[in-house]
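A short write-up of the structure that comes next.
The values are calculated or read from the model by the stated rules, or taken from the named source; none is laboratory data. What you see is a predicted model, and the numbers here were worked out from it, not measured in a lab. Don't worry about glycine lacking a Cβ; one is built from the backbone with ideal geometry, like all the others, and counts go over all protein chains shown. Surface accessibility is based on the protein's heavy atoms, side chains included, excluding ligands, DNA and RNA. Shrake-Rupley method; radii C 1.70, N 1.55, O 1.52, S 1.80 Å.
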Amino acid sequence: RDPLPRAFCVPEVCTLDELGDLLREDPALYDPLGVAAIEGDWRPRQPFTRAEVQTPVWTNNTVRTSVELDGEGLLVLTEQDFPGWKVFVDGEPRELERTNMIFRGVALEAGSHEVLFRYEPWTVRAGAWVSGGAVLILMLLLGIGWLQRSSP
């Protein structure tokens with residue numbers, strides 16, 4: 001009944017089917033702060049017993065947090081997953097895990113980590129290329145027009 005934190009780590013990871021079985025069996029057994037479902041194959045080999053997650057810091061297209069774990073775990077960011085989000089751990093790109101069907105997550109090993117979620121949709125890059133091309137064509141056409149005007 002209490003809202004979930006904006007970011008937290010879970011030591012146990014399962015498939016969506018396994019989570020569905022657990023919920024059908026007894027919904028009271030499900031602890032969203034203890035287990036999360038992902039679509040991928042990653043599972044913690046040595047799950048953490050202690051995790052500390054700093055409050056995330058948001059900008060227009062990023063979410064940044066620091067995490068310290070004494071074992072492996074899944075960082076869950078309780079924001080809706082959407083195409084175009086990428087995740088970086090200690091500056092290195094990692095696979096973004098869709099977590100509990102709607103959230104974003106990333107697998108972490110033991111240690112201290114800086115985690116950055118960045119919104120980089122391909123449509124922004126495509127739009128920049130189209131806009132740049134349009135500016136070049138416009139400059140070319142203006143140059144041709146200027147040369148034709150200045151010719152006797």
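Counting protein heavy atoms only, the stretch 45-152 has 61 percent of its accessible area on carbon and sulfur, 1.4 angstrom probe. If a paramagnetic tag sat 7 Å from the Cα of residue 54 along the Cα-Cβ line, which residues of the stretch 79-110 would have the backbone N under 14 Å from that point? Taking a point 7 Å out along Cα→Cβ of residue 54, the residues of the stretch 79-110 whose backbone N falls under 14 Å are 90-91.
Compactness of the stretch 22-98, taken as the C-alpha radius of gyration over 2.2 N^0.38 Å, stands at 1.23. Principal axis analysis of the Cα atoms in the stretch 74-146 yields extents of 64, 26, 14 Å, listed in decreasing size.
Find how many whole Å separate the alpha carbon centroid of the stretch 22-53 from the alpha carbon centroid of the stretch 66-93. Between the Cα centres of the stretch 66-93 and the stretch 22-53 lies a distance of 15 Å.
Annotation: per residue accessible area for the chain equals 66 Å², rounded to a whole number [probe 1.4 Å, protein chains only]. Using alpha carbons only, how many degrees (0 to 90, rounded to 10) separate the axis of helix 122-150 from the longest principal axis of the chain? Between helix and principal axis, roughly 10 degrees. Taken along its three principal axes, the alpha carbon spread of the chain comes to 87, 34, 29 Å, from the longest extent down to the shortest.
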